[in-house]
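> Mind looking over this structure? Questions follow.
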Amino acid sequence: MIYKKISLAIAISLGLFKMAEAQERLLSLSEAIGMAQKQSFEYKVALNRYHSNRWNYENYKASFLPTLSIDGTIPSYNRSINRITLPNGEDTFVSQNQAYSNLNLGIRQNVSATGGILSLGSSLDRIDVFGNIRQTNYSSVPVSISYLQNTIGFNSFKWQKKTEPIRFESAKRELSTNMQQIGLQTVSNYFNMIATQTQRSLSKQNLANADTLHRIAKDRFKLGTVSQSELLQLRLNVLNAQNRVLEDSISYVLAQQQFSTYLLIDGTNLRLEVPEKIAFFEINFKEALAQAKNNSKTVIDFRLKRLEAEKNVAEVKSESNLKFNVRANFGLSSRAANLQGLLNGLENQQNVSLSFSLPLLDWGFAKTQKLRAEANLAMVKSEIEQQDMQLEHEVTLHVSRWNLHQKNIASAIEAKQIAEENYELEIQRYKSGRISINDLNAAQNQKDNASNAYIQSIRTYWDLYYTIGKLTLYNFEKNEKIVFDVLN
């Protein structure tokens, strides 16, 4: 009686599963990757990082464009008793009641060729004196040209023109690399759910088969053709199958939650398709390595790291050598009691300053700074060589696995078909009494293992597909570079 109730419960459960499957919405791997590359948290982080680097680059470009600015003080009022020095050298206290105002208009331009700053300006000053005798005075500089050169020998603007474009190119490649990593992570989450989904289906199928064989064995036990020990073993198989369905269903729900959370979608009634339609194409080792060295973020970061080290060496050398600072100003100036008078009697004004500094005795400080910078450059070169060899090793390894994996998938497909056919034959042989229950259980395990191995082989295909894309930033299937350009 209890067996009938259990069988009825199982039948109802299987019926509910079928109803749920009928309402399930299918999702392919390509659709999942497309979603992840448009709405996942990883995509948003990668996009924000790219925009941050992009605006840093735009800021760098803007720094070499002319800058127009205006500033002033309108007014600065002061009423106090202050000490002043008279023309004869004596100090006295005077009462001051006055206001000072000024207005400056200027344009400045960074000169990348020399590393200096060129400025063009104009200014207007006014002093208002209050009290018994009121008066107003004006002073103006209609035009003034200035040049400032802090250091001769090290041009930071020149180094920026070398490093900043490479830094931005690295940011663009980083975005493409991150998108490939998102694809790789989506493959991982996708096949985690596929594995639990497949295992749950196998468990339900095994439960149905175990229940059928148990019912047949009960009838044969009554006829005396099945021993009680074998009947108990079949009953134990049913119980184990029920527990396995429950465990696999829980694992499936957890994998489904992880997958839907990653994609930021509703995972209710979601079912994934096994991406069995795959295309194999041969990848040449030399071509893959050439694409990696031309396209990957790693290689361009090598160049940037080396340039930064060379810049540091040049800067340290300039600090320890003879340094010159140049300041020059040429313009016109005038003063008057009113604005109209400022245009009369313009006077020339010039200001030129050339200063220098040379360390005479620093107890080896400059030398050690230079040696440290050169040692750092040598270390960077060694690291680049090591990382370059590591990149070559990774590309070779994954391309080798890719070119061999076609045979692995073919073997997995054939093994899966053979194991499924053998299991069906073993069921029939068991029903006819030609094999034992242990033989049947072994055939079932082979079937399940072959099915899981097939799913794993498909997973490895997509893992390699996106790993090679991440390393080389090149799509060998379409023969084109992988570029994710964000316009806005």
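The values are calculated or read from the model by the stated rules, or taken from the named source; none is laboratory data. Values in this document were obtained by computation on a predicted structure and should not be read as measured data. Note that we place each Cβ from the backbone using ideal geometry, even for glycine, and neighbour counts take in every protein chain shown.
> Scanning for something on the phi > 0 side of the Ramachandran plot, in a loop (DSSP other than H, G, I, E, B), loosely packed, with under 10 Cβ neighbours inside 10 Å and assigned by TED's automatic domain parsing to the domain that holds G331, does the range 78-98 turn up at least one residue?
Yes, the range 78-98 contains at least one residue that is on the phi > 0 side of the Ramachandran plot, in a loop (DSSP other than H, G, I, E, B), loosely packed, with under 10 Cβ neighbours inside 10 Å and assigned by TED's automatic domain parsing to the domain that holds G331.
> Can you name the residue in the range 315-350 that is within 30 Å of I152 (Cβ to Cβ) and touching a Phe, Trp or Tyr at 6+ places or on another chain (Cβ under 6 Å) and, of all such residues, is modelled with the lowest pLDDT?
F324
> Kindly provide the set of residues from the range 355-374 that are aliphatic (A, V, I, L, M) and surrounded by 11 or more Cβ atoms within 10 Å (Cβ to Cβ), ordered by number.
Those that are aliphatic (A, V, I, L, M) and surrounded by 11 or more Cβ atoms within 10 Å (Cβ to Cβ): A366, L371, A373.
> For the range 396-440, what are the residues that are in contact (Cβ under 8 Å) with a residue 60 or more places away in the chain, touching a Ser or Thr at 6+ places or on another chain (Cβ under 7 Å) and either hydrophobic (A, V, I, L, M, F, W, C) or outside the structural domain of L213 (by TED's automatic domain parsing) (or both)?
The one that is in contact (Cβ under 8 Å) with a residue 60 or more places away in the chain, touching a Ser or Thr at 6+ places or on another chain (Cβ under 7 Å) and either hydrophobic (A, V, I, L, M, F, W, C) or outside the structural domain of L213 (by TED's automatic domain parsing) (or both): I409.
> Is it the case that I74 is of a type in the set (A, V, I, L, M, F, W, C), at pLDDT 90 or above and under 30 Å from A337 (Cβ atoms)?
no
> For L239, indicate whether it is closer than 30 Å to R434 by Cβ and surrounded by fewer than 17 Cβ atoms within 10 Å (Cβ to Cβ).
It is true that L239 is closer than 30 Å to R434 by Cβ and surrounded by fewer than 17 Cβ atoms within 10 Å (Cβ to Cβ).
> Testing I435 on (1) touching a helix residue (DSSP H, G or I) at 6+ places or on another chain (Cβ under 8 Å); (2) assigned to a helix (DSSP H, G or I), one condition comes back false. Which one is that?
(2)
> Under the condition of being in contact (Cβ under 8 Å) with a residue 40 or more places away in the chain and part of a strand (DSSP E or B), which residue from the range 99-120 is surrounded by the most Cβ atoms within 10 Å (Cβ to Cβ)?
G116
> Okay, moving on. Which number in (1) modelled with pLDDT of 90 or more; (2) crowded, with 16+ Cβ neighbours inside 10 Å marks the one condition that F285 misses?
The number of the failed condition is (2).
> Considering only the range 446-464, state which residues are out of contact with any Phe, Trp or Tyr (no Cβ under 8 Å at 6 or more places or on another chain) and either more than 18 Å from T196 (Cβ to Cβ) or not in a helix (DSSP H, G or I) (or both).
Passing the criteria: only Y461.
> Then there is this: With the checklist (1) at pLDDT 90 or above; (2) part of a strand (DSSP E or B) in hand, flag the one item R49 doesn't pass.
Condition not satisfied by R49: (2).
> Take the range 393-414 and flag every residue that is of a type in the set (D, E) and either under 15 Å from A290 (Cα atoms) or buried (at least 16 other Cβ atoms within 10 Å of the Cβ) (or both).
Of everything in the range 393-414, just one residue is of a type in the set (D, E) and either under 15 Å from A290 (Cα atoms) or buried (at least 16 other Cβ atoms within 10 Å of the Cβ) (or both), namely E394.
> Identify, by number, the condition in (1) assigned to a helix (DSSP H, G or I); (2) modelled with pLDDT under 90; (3) under 16 Å from N192 (Cβ atoms); (4) not acidic (D, E) that R271 doesn't meet.
It is condition (1) that R271 fails.
> Taking the range 211-256, which residues are part of a loop (DSSP other than H, G, I, E, B) and in contact with a Lys or Arg (Cβ under 7 Å, 6 or more places away or on another chain)?
Listed by number, the list holds a single entry, V226.
> If you don't mind, another one. Determine, yes or no, whether S334 is loosely packed, with under 14 Cβ neighbours inside 10 Å and among the hydroxyl-bearing types (S, T, Y).
No; evaluated as a whole, the condition is false for this residue.
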